[in-house]
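Working notes for the structure below.
The values are calculated or read from the model by the stated rules, or taken from the named source; none is laboratory data. Predicted model only: the values in this text are computed from it and were never measured. Reconstructed Cβ throughout: ideal geometry from the backbone, glycine too, with neighbour counts over all protein chains shown. Only protein heavy atoms, including side chains, enter the accessible area calculation; ligands, DNA and RNA are left aside. Shrake-Rupley method; radii C 1.70, N 1.55, O 1.52, S 1.80 Å.
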Amino acid sequence: MSTHTIQLPPEVQDYLLRTTVRESAALAQVRKATAGLPGARMQTSPEQAQLLGLLVELLGVHRALEIGVYTGYSAVAVAEALPADGRLVACELDQEYARVAGDHLAHAGLSERVDLRVGPALDTLAALPSESGFVAFDLAYIDADKTNYDAYYERCLELVRPGGLIALDNMLWGGSVAEPSDQQDSTQAIRALNQKVGADERVTVSLVPIGDGLLLARRRK
C-alpha cells in the first residue's frame, strides 16, 4: 500500500512496458519512425496511449476528437480501439506532421476511421457544429500548443456529449507546474488550467500521473 504516487525509476518503467503494454505492430512502427525526429519527445507514451485505448473501449466511444496529432501515434491508438463504424476527427496545424501521420494511418489500415484536418484547431472546432449530420463526441484528447489549452478545453465542453470525456496531455509538464520560479507562458497556462478544471463543477476530474500527466475531465450530465 502507498499513500502517494511513486515516481517511476527507469527499471520500473521498463518493467511496466515489458509486462503490460500491448503495443501493436502499427504503433511500434510509428514509435520507431518518430524516435529519431527532433521533436520525438512530443509523442504520447506507449502506456498512456494504451490507457486512451482502454478508455475508448470502456466508454463505448464511436466519435472521438483529437487536437494535436504530431506523427500519429495517439491517433493510431485511438483509431485501433474504435469500433469498425467509429470515427476520429484529428486536428493538426503542421502540414508535414499531418502528412506523416496520414501515411502511418494508411499503413495501419485506419484511414477510413480518421478524418485528418489540417489548420488551426480552433477554427476547425468552431466549424464542426454547423456541419451536416454533426454528432457530439464521446471523447476528446488534447495534446497541442499549451497556451491555447484553455480555449481547447472550453470548446471541447461544447463538442463532447454529457457523460463524455476530455483528456488533456502534459498537465504535469515535467514537474514544472510545481516550480513557482518557472513563469514561462506554457507553464503558466497549464498551471492555471489545472486549477480551473480542478474547481470546475461542470466536470468530474482526475489528474493521472501517467506519461507527462493526463488530466481527465468527464462532462457532467
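Counting only residues that are in contact (Cβ under 8 Å) with a residue 60 or more places away in the chain, give me the helices (runs of 4 or more DSSP H) lying completely in the range 1-93 with at least 3 of them.
Numbers: elements: 10-20, 25-34, 46-59, 73-81.
Result: 25-34, 46-59.
Would you check if TYR97 is touching a Phe, Trp or Tyr at 6+ places or on another chain (Cβ under 8 Å) and under 21 Å from GLU23 (Cα atoms)? Taking the combined requirement at face value, the residue does not satisfy it.
Contact map, the range 182-209: residues that are loosely packed, with under 15 Cβ neighbours inside 10 Å paired with residues that are polar (S, T, N, Q) and not in a strand (DSSP E or B), Cβ distance under 7 Å, separation 6+ or inter-chain. Pairs shown: ASP185/THR147; PRO209/THR5.
Taken together, the residues in the range 98-131 that are touching a helix residue (DSSP H, G or I) at 6+ places or on another chain (Cβ under 9 Å), open to solvent by less than 40 Å² (accessible area, probe 1.4 Å) and aliphatic (A, V, I, L, M) amount to 9. In this structure, is TYR149 of a type in the set (Ser, Thr, Tyr), on the phi < 0 side of the Ramachandran plot, buried (at least 19 other Cβ atoms within 10 Å of the Cβ) and not in a helix (DSSP H, G or I)? Considered against the rule, which asks whether it is of a type in the set (Ser, Thr, Tyr), on the phi < 0 side of the Ramachandran plot, buried (at least 19 other Cβ atoms within 10 Å of the Cβ) and not in a helix (DSSP H, G or I), TYR149 comes out as no. Once the range 153-181 is narrowed to residues that are part of a helix (DSSP H, G or I) and open to solvent by less than 10 Å² (accessible area, probe 1.4 Å), the residue that is nearest to ARG41 (Cα to Cα) is TYR153.
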